[in-house]
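Shown next, in structure tokens, is the structure this report addresses.
What follows is calculated from the coordinates using simple rules that are stated; it is not laboratory data. All values derive from a computational prediction rather than experimental measurement. Note: ideal-geometry Cβ built from the backbone for every residue, glycine included; neighbour counts use all protein chains shown.
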Amino acid sequence: MSSISGLVAVLLTVLQWAGRGLPSPVRPICDPRVLDRFIMEARDTETALRGCKAGCGVTGTFVVPLTNVDFVVLETKDTEEQALEVQSGLFLFGQALGAVRESVSRAAVKSLIDNNKSNIHSLGQVLRSLHIKDLSLSPAPAVGDSATRKVSSLSELLRVHTNFLRGKVRLLLTNAPACQQNST
Amino acid sequence: MTNNNLNKLLVFCVLFCAQKTSIVHGAQALETKVALLLHAEPENPKCFAEGMSDLTCFWEEDEERAGSADQYSFIYTYQNENSSECSVTALPAAGGKRLYFCRLSQTQLFVPLDIRVFRDDLLIHNRSLFIEVVFLLDPPANLTLTSTGMQGQLKASWLPPSLKYMGDSMMYEVSYAMAGSHIGKVEAVQASSELILRGLQSGTKYKVRIRVKLDGISYSGYWSAWTDPVLMETMPGDLDPLIVSLSLIISLVLTLLSLLVLMSHRRFLLKKIWPIIPTPESKFQGLFKVYGGDFQEWLGHSTGGLWLRPTYFYSEEFPAPLEVLSEVSLGPVLPSSALPPKASEALGEEEDEDKKLKRVDPALMEGWRETPQEHWLMDQLRAIHKHPAPWTQSSLLESHDAYVTLNAQNHSVEEPLDDILEETLPLQVLFASGRTSSESRSDLGSVQQSSGSGRLSSQSSFEYPNHTWPSKGPGYTYMAVADSGVSMDYSPMSSNKIDDIGKGVIYTNEYKNEIPAHRRPIGTPIHFAF
């Protein structure tokens, strides 16, 4: 048994090393329509579950990032800072949606939540293609609590999720240096 | 120093004027937007964002109920933040209204904003909105129309509103119509600064205008105002090669068809356009070619042509039987007894004749003598029958009808010619020479001439209005000319009124000429020499 576990450990190490060694996608994904599709799907989910009775059986509070964007302030931030905000926020949403999926019982609701979760994962890939570190999978959020707030309902969670994607995530992708080079 | 001051003053004036112009422009733009929102937005206060960091809210009040701007307070609160207040300004509006404005210079997007309006601590308006969905942009600038170099196309290009992060979220509507027309088309385009308009008419002036709106995924808002229309004429039309080739083919086919039709009817058309002048050459063989038109020569040399001649004259005439009603008995040769039987025969046949007459062409009837004439004649005949005295010519000739008097002649009648001439001549020839009057000829077309000592003369009764018949010598045979209109002079004493006969006078009741009275073949007087 110890030999088998040892083999598995070696195997995982090798895979992780291989994973790290994998080169990031060569071509940056700058098409705004990619994110637009995610935004529309998030909005559709929000609309569909707005009329959910008793919050679709979801209880509890969820930590979500702040979504407000001040362009004047944004001008002063650099891409790194923006990227940090986006990635921590995506992480928080991933967590919250995972928790929601466990709570709901209806299959239709589950499939919608699954879709949004997979979109968040895809966004991480997009960010990586723009040479932005994907910190969504990191165990700890890189930003402080000041940049977060709490919500207590599924509809509020989904609304914040939509606003976050429309605002901060989109601005980051629009202003990504990799995409700026392509457009000029 | 004075110059410097003047220069400064000048610069100041220019700047002031420019600013004033821009202020005027800005005021006009604001007025337009206010009007747009009053129409499009039902909620109060009506708010719109013009750029990335501003928000303008306003509401309307009637002049009568309106208060001063100080009475109003505009409180706004972002999510998870403290409230803030905006200063209210008032502006007069058309239609007895007043507008109250509040303008924020720094805004947060993608987060809910609560707005509350108080008038003297009384909440009059309450609204929650996202600023990124209430954009009302300025219309695109520098709308230009250019030609693409192709038929029916125009290229429209413009300058997008200068919003840094929203260029790819803008969508445009291009409206184009023919100049002077109100019916136009609209084309939408997204995230672009030019559009090619296709399917336009060649050589036509078009007016184009454009407006802008955010696409609604991340940002949204209201349609901007239309730009001022820009006019441009499309390229002049060019002949479509397909149409030209089709037209050529069709015209070729039509030409061929018309040629075919013309060729198939060429004879008919030739006759119509260039009618052949009829010549009698075919009827007179050799008359023109050999004898040069000398008829007498031709007559002399032709064999049997003399007798054949009348056939050509009257080739279309129908023969008709003729019965002589009466004749003048000038000599013992003419048996008077011939008349009564003739008369009785005529009388007896009178009724039949009437029937036969009625069968005849009504045109003929018109040319006939009136019925009273017949009645008179019949009366005369009856009188004669009753009193069979030798009558004179005069009593007989009181009739208006023309008829024939026969004289005994020493000429011989050439029998064989009868057959030839029977069916052609409309002439009435009554001969009693050497024969009994019963052999009077009833066939039209029997023109007989004698050679030698025979003399023929024809006279019509028209010549003698008094109905007196000149008593000629017994050497004359009178021949009545038929109604066919041919005037033939058979003697020097030819009547001048022979032509009248051609007008279709029908003689006696027994006359069964079927030739229409009005027909008159072309003929020239032919002189016979004996």
Query raised in the report: Fewest to most neighbouring Cβ within 10 Å: what's the order for B:TYR219, B:TYR76?
Result: B:TYR76, B:TYR219
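Using a Förster distance of 60 Å, how high is the FRET efficiency between A:SER118 and B:ILE183, based on the Cβ-Cβ distance and rounded to 0.05? Could the numbers behind the result be given before it?
Working: r = 49 Å, r/R0 = 0.81.
Using R0 = 60 Å, I get an efficiency of 0.80.
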Query raised in the report: What is the Cα centroid distance between region B:108-137 and region B:272-294, reported in whole angstrom?
Result: 115
Report task. For region B:1-75, evaluate the Debye formula with one uniform point scatterer on each Cα (no solvent term) and list log10 I(q)/I(0) at q = 0.22 Å⁻¹, rounded to two decimals. Result -> -1.10
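Sorting A:SER111, A:SER153 on the 10 Å Cβ count, fewest up front, what's the list? Present the calculation step by step, with values, prior to reporting the outcome.
Details: A:SER111 11, A:SER153 17.
Ordered from fewest to most neighbouring Cβ atoms within 10 Å, A:SER111, A:SER153 come out as A:SER111, A:SER153.
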Report summary line: Taking B:TRP223, B:TRP59 and counting other beta carbon atoms within 10 angstrom, the fewest-first order is B:TRP223, B:TRP59
Report summary line: Here the whole-number average of other chain Cβ atoms within 10 Å per Cβ of A:163-171 is 5
Query raised in the report: With respect to the cross-link table entries A:LYS110/B:LYS46; A:LYS53/B:LYS46; B:LYS46/B:LYS213; B:LYS20/B:LYS97; A:LYS110/A:LYS150, which display a Cα-Cα separation exceeding 29 Å?
Result: A:LYS110/B:LYS46; A:LYS53/B:LYS46
Report task. Tell me, rounded to the nearest percent, the portion of alpha carbon pairs in region B:87-245 spaced more than 27 Å apart. Result -> 45
Query - Estimated vicinal HN-Hα couplings, Hz - region A:50-62 in sequence order (Karplus 6.51, -1.76, 1.60; Gly, Pro = x) - result: 5, x, 5, 6, 6, x, 6, x, 9, 10, x, 10, 10
Query - Distant-in-sequence amide H partners of A:ARG149 (H built 1.01 Å from N, under 5 Å) - result: A:VAL64, A:LEU66
Report task. Scan around B:MET171 for amide H atoms under 5 Å from its own, H built in the peptide plane at 1.01 Å from N, and keep only partners 5 or more places away or cross-chain. Result -> B:ALA191, B:LYS213, B:LEU214, B:ASP215
Report summary line: Under the Karplus relation with 6.51, -1.76 and 1.60 and θ = phi - 60°, whole-Hz ³J(HN,Hα) for region A:37-47, x at Gly and Pro, equal 5, 5, 5, 5, 5, 5, 5, 5, 5, 4, 5
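Based on the Kirkwood radius over alpha-carbon pairs, what is the Stokes-Einstein translational diffusion coefficient of region B:179-280 at 37 °C with 0.692 mPa s viscosity, in µm²/s?
Working: Rh = 20.4 Å.
Once the numbers are plugged in, D ends up at 161 µm²/s.
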Query raised in the report: If you find the alpha carbon centre of region B:154-209 and of region A:63-106, how far apart are they in angstrom?
Result: 39
